[in-house]
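Single-structure report; data block below.
Read-outs: derived from the displayed coordinates by stated rules, not from any lab. Not measured: the values here are computed from a predicted model. No Cβ is skipped: glycine too gets one built from the backbone with ideal geometry, and neighbour counts run over all protein chains shown.
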Amino acid sequence: MAGSLKGRHFLKEQDFTPAEWRDLLALTGELKSARAAGREQQMLGGLNLALIFEKTSTRTRSAFEVAAHQQGAHVTQMDGNSSQLGHKESPADTARVLSRLFDGIEYRGTHQSTVEKIAHYSSVPVWNGLTDEWHPTQSLCDMFTMRESSGLDDHDIAFAYVGDARFNVGCSLLIGGALLGMDVRIVAPGKLLPPDSVVRTAREIAAATGARITLTDDLDAVKGCRFIHTDIWVSMGESESVWTERILLLQGYQVNTALLERTGVPEVKFMHCLPAYHNRETTVGEAIYQRFGLEELEVTEEVFESPASIVFDQAENRMHSIKALLIATLT
């Protein structure tokens with residue numbers, strides 16, 4: 001890599017320069033190609049990684065574990081029931097213990113302040129697997145997937161995030177796109193746009209990279225976009241009043257065939273970090289139907305299962321991009 005990231009934490013996108021972000025993406029491509037060609041070389045042999053999951057996970061957990069194993073590292077998984085973190089032991093004390101035993105620490109939980117505290121007290125790299133505020137391993141993967149799918153230069157990629165943009169995925173895509181000089185459109189009801197501080201950071205980065213930043217409640221903003229992203233509107237555990245308000249606000253922002261056609265781009269692709277509520281075949285999907293009579297929320301089954309959907313390419317690329325992250329920060 002042009003600039004060494006060895007020993008660096010990976011907590012949020014703006015901690016990195018555009019060149020460092022591009023280096024991680026280039027390494028992702030090299031590693032994915034090497035794996036496909038059967039010429040992957042293990043670079044993490046003998047290393048031990050701690051994976052802390054205070055929030056449940058499918059893709060992040062699997063991606064870290066498989067990436068580590070393919071590179072020869074060992075992992076120890078912990079959750080709220082199998083560690084003392086936050087119960088009997090502070091994040092600071094946990095970090096000082098684990099960094100004496102492990103070569104790297106992944107944390108997935110609620111508060112960005114927790115992963116920042118762990119990083120502050122850790123003597124080894126700490127990776128943010130998701131907090132409410134940021135999801136940098138997801139945006140790294142998504143930037144790679146858009147490059148891979150389109151074959152376009154970063155500056156020529158236009159994408160829109162449609163839906164509730166206040167939290168981790170919306171904010172991370174905004175900053176990640178700004179770092180790469182992309183055309184970033186955030187399309188959401190006014191009260192569901194990213195925080196002002198995040199928007200200011202994105203615009204400051206864009207001034208240097210040439211990124212175009214648009215924030216609007218107007219769905220016409222998707223015109224010309226090669227990619228449409230979204231995320232879930234509601235989470236289990238939120239009160240029914242929140243569900244009702246959120247669904248009423250976002251009903252017009254569902255990703256459906258009409259919205260894809262509104263881009264005017266025949267090659268438009270749909271992206272989602274998953275899980276997605278596109279049918280009733282899950283406990284949450286059925287609960288939504290029983291409460292609101294809706295069989296689909298943020299994306300329709302038609303779009304999710306269409307040739308435009310590249311969500312499973314995204315899911316696979318989580319492993320390749322996380323592998324790049326591990327190698328870049330540990331070697």
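Structural remarks
- Amide H partners (placed H, <5 Å) of residue 215, local residues excluded: 186
- Computed [θ] at 222 nm, deg cm²/dmol, the chain (DSSP H ≥ 4; -39,500 (n - 2.57); rounded to nearest 500): -13500 deg cm²/dmol
- Long-range Cα-Cα pairs in segment 1-49 (distance over 19 Å), rounded percent: 39 percent
- Cα-centre dipole for the chain with unit charges at Cβ (Lys and Arg positive, Asp and Glu negative), debye to 20: 920 debye
- On Cα atoms only, tilt of 240-250 relative to the major axis of the chain in degrees: 60 degrees
- Each peptide in 251-258, 170-177, 320-327 gets a packing score, the mean of other Cβ atoms within 10 Å over its residues, and the list from highest to lowest is 170-177, 320-327, 251-258.
- Degrees between helix 18-36 axis and first principal axis of the chain (Cα, 0 to 90, nearest 10): 80 degrees
- Packing order of peptides 129-137, 209-217, 285-293, highest average first: 129-137, 209-217, 285-293 (average count of other Cβ atoms within 10 Å over each peptide's residues).
- A simple charge model with +1 on the Cβ of Lys and Arg, -1 on the Cβ of Asp and Glu and nothing else charged puts the dipole of segment 139-315 at about 500 debye relative to its Cα centre.
- Size check on segment 114-207: the Cα extents along the three principal axes, sorted descending, read 40, 33, 24 Å.
- Positive-end extreme of charge dipole, the chain - chosen from 210, 73, 135 (charges on Cβ): 73
- Read-out mean projected area of the Cα convex hull in nm², derived from the coordinates shown; its label in [x] 18.2; [y] 21.3; [z] 16.4: [z]
- Interatomic Cα distance distribution for segment 139-315, bins of 5 angstrom, percent: 1, 9, 18, 22, 21, 15, 8, 4, 1, 0
- Peptides ranked, highest mean first, by Cβ atoms within 10 Å: ranges 272-284, 220-232: 220-232, 272-284
- For segment 1-58 versus segment 237-276, the gap between their alpha-carbon centres in whole angstrom: 30 Å
- Across segment 139-315, the mean sequence separation of Cα contacts (distance under 8 Å, 6 or more residues apart), normalised by length, yields a relative contact order of 21 percent.
- In degrees, nearest ten, helix 91-101 long axis to first principal axis of the chain (Cα): 50 degrees
- Projecting the Cα atoms of 243, 188, 260 onto the charge dipole of segment 185-271, computed from C-beta unit charges around the Cα centre, puts 260 farthest toward the positive end.
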